[in-house]
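Student: Below are the structure tokens for one structure; questions will follow.
The values are calculated or read from the model by the stated rules, or taken from the named source; none is laboratory data. For clarity, every value in this text was computed on a predicted model and none was experimentally measured. Please note: Cβ atoms are built from the backbone with ideal geometry, for glycine as well, and neighbour counts cover all protein chains shown.
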């Protein structure tokens, strides 16, 4: 059985763990427009060539260029006593003046409370302390529920005169690491600095506000946005033996946030995708359709790479058979989420006995990942995403702890096995 050969090859001769080590340790965090962006693109081209791609090329697009400007300074001031808080500026946030901002802080636990207390906001720093809902077993649901405070909280506070925004980090971790990530401004309101703080400090700040009538926050940040720059999707192909003009896409995103190395998000997805090509080549399988490995640029911010990929596919009138993404970490694989017809879903589910040995026990309707979803929305392409166990993902997501040392080699390899197996089944038997 070819899937057994795939598994044996990855588990005994796989390159995935070494590839991730090289990406994280020689390139590091890969925020848009940084020198690491272009080092990563060069690494990706070489890795795809070494994996056996017959053709490797770049797809250019404009990407946003936000600069953190060094470590932000955030202090809590109670009764003239200052306590430093562990904070990171949010992506796309403006900075402060060189003097910083010193203002009283108001604790807001929800947008509903913000509306109720809107007359108290003017001139203050709003601190959103909305917590992950622990009742959601799938932690991505908790993230989706809470991330609106990171994404849109600054402008909603600025609407009522706030001069700054702090947000409880998007995690339920048991450490004090702050978690960055993208936010957006509503141009109808002033742009105010926006930062995330670690959970210990969030709890400390909330307690201080509840115990004291007057708590001040000092913020100093050099974050700023430069004009758009150039980024590239890195693409490697094996030409199909029967349907060279029909494409199966497998991908992850090459960019990451800058506090750490982007190991889980999304170095794992990049090396998963490269390993799919490498292992199919290593076991002697020749794809019937053209296999494209795409390492997308700019997933974390504007999605420019995904937009460019689908726009070019539409302009060339390409036929895309299936697209698969890995952007949920390198943990133990559990299932695939897919966006396709019920008839196709049932065909995928008939393959579950072939995958169960390697950890996948379900195909669920809905999913695809940010970079391949546009293929579904614009071209109608069936898409899917690897869904690993999610319980630890948001311990590391966008945080200083997202480093190679927190990757488990065996779990990472199992993800590649299941992705390669699914691509083989789709390519050989169709949807």
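Student: So, of the residues in segment 125-144 that are within 24 Å of residue 161 (Cβ to Cβ) and in contact (Cβ under 8 Å) with a residue 40 or more places away in the chain, which turns out to be surrounded by the fewest Cβ atoms within 10 Å (Cβ to Cβ)?
Tutor: Only one residue fits best here, namely 129.
Student: Answer with yes or no whether residue 44 is assigned to a helix (DSSP H, G or I), buried (at least 17 other Cβ atoms within 10 Å of the Cβ) and in contact with a strand residue (DSSP E or B) (Cβ under 8 Å, 6 or more places away or on another chain).
Tutor: So residue 44 fits the description; yes.
Student: Determine which member of the set 303, 262, 251 is touching a strand residue (DSSP E or B) at 6+ places or on another chain (Cβ under 8 Å) and touching a residue at least 24 places away in the same chain (Cβ under 8 Å).
Tutor: 251
Student: Next up: If you take just the helices (runs of 4 or more DSSP H) that sit entirely in segment 264-352, which of them hold at least 1 residues that are within 15 Å of residue 425 (Cα to Cα) and touching a helix residue (DSSP H, G or I) at 6+ places or on another chain (Cβ under 9 Å)?
Tutor: 268-282, 342-349
Student: Within segment 380-391, how many residues are surrounded by fewer than 17 Cβ atoms within 10 Å (Cβ to Cβ) and either in contact (Cβ under 8 Å) with a residue 60 or more places away in the chain or in a helix (DSSP H, G or I) (or both)?
Tutor: Residues that pass the stated criteria total 1.
Student: Which condition number in (1) in a loop (DSSP other than H, G, I, E, B); (2) modelled with pLDDT of 95 or more; (3) surrounded by 24 or more Cβ atoms within 10 Å (Cβ to Cβ) is the one that residue 369 fails?
Tutor: Here residue 369 meets the rest and fails (2).
Student: So, one more: Taking residue 253 as the residue in question, decide whether it is over 21 Å from residue 45 (Cβ atoms), touching a helix residue (DSSP H, G or I) at 6+ places or on another chain (Cβ under 7 Å) and surrounded by 23 or more Cβ atoms within 10 Å (Cβ to Cβ).
Tutor: no
Student: Out of 20, 11, report the one residue that is in the same structural domain as residue 238 (by TED's automatic domain parsing), surrounded by fewer than 16 Cβ atoms within 10 Å (Cβ to Cβ) and in contact (Cβ under 8 Å) with a residue 24 or more places away in the chain. Talk me through it step by step, then tell me what you get.
Tutor: Numbers: 20 fails: surrounded by fewer than 16 Cβ atoms within 10 Å (Cβ to Cβ).
Just a single option satisfies the conditions, and that option is 11.
Student: Go through 354, 324 for me and flag whichever is out of contact with any strand residue (DSSP E or B) (no Cβ under 7 Å at 6 or more places or on another chain), touching a residue at least 40 places away in the same chain (Cβ under 8 Å) and within 22 Å of residue 288 (Cβ to Cβ).
Tutor: So the residue among 354, 324 that is out of contact with any strand residue (DSSP E or B) (no Cβ under 7 Å at 6 or more places or on another chain), touching a residue at least 40 places away in the same chain (Cβ under 8 Å) and within 22 Å of residue 288 (Cβ to Cβ) is 354.
Student: Among the listed residues 214, 188, identify the single one that is outside the structural domain of residue 424 (by TED's automatic domain parsing), modelled with pLDDT under 95 and farther than 27 Å from residue 173 by Cα.
Tutor: When all the criteria are applied, what remains is 214.
Student: For segment 191-206, name all the residues that are closer than 18 Å to residue 66 by Cα and assigned to a loop (DSSP other than H, G, I, E, B). Break it down stepwise before answering.
Tutor: Filtering segment 191-206 for residues closer than 18 Å to residue 66 by Cα gives 191-196.
The answer is 191, 192, 193.
Student: Moving on. Confirm whether residue 284 is surrounded by fewer than 24 Cβ atoms within 10 Å (Cβ to Cβ), assigned by TED's automatic domain parsing to the domain that holds residue 393 and free of Cβ contacts under 8 Å to residues at least 24 places away in the same chain.
Tutor: Against the criterion (surrounded by fewer than 24 Cβ atoms within 10 Å (Cβ to Cβ), assigned by TED's automatic domain parsing to the domain that holds residue 393 and free of Cβ contacts under 8 Å to residues at least 24 places away in the same chain), residue 284 qualifies.
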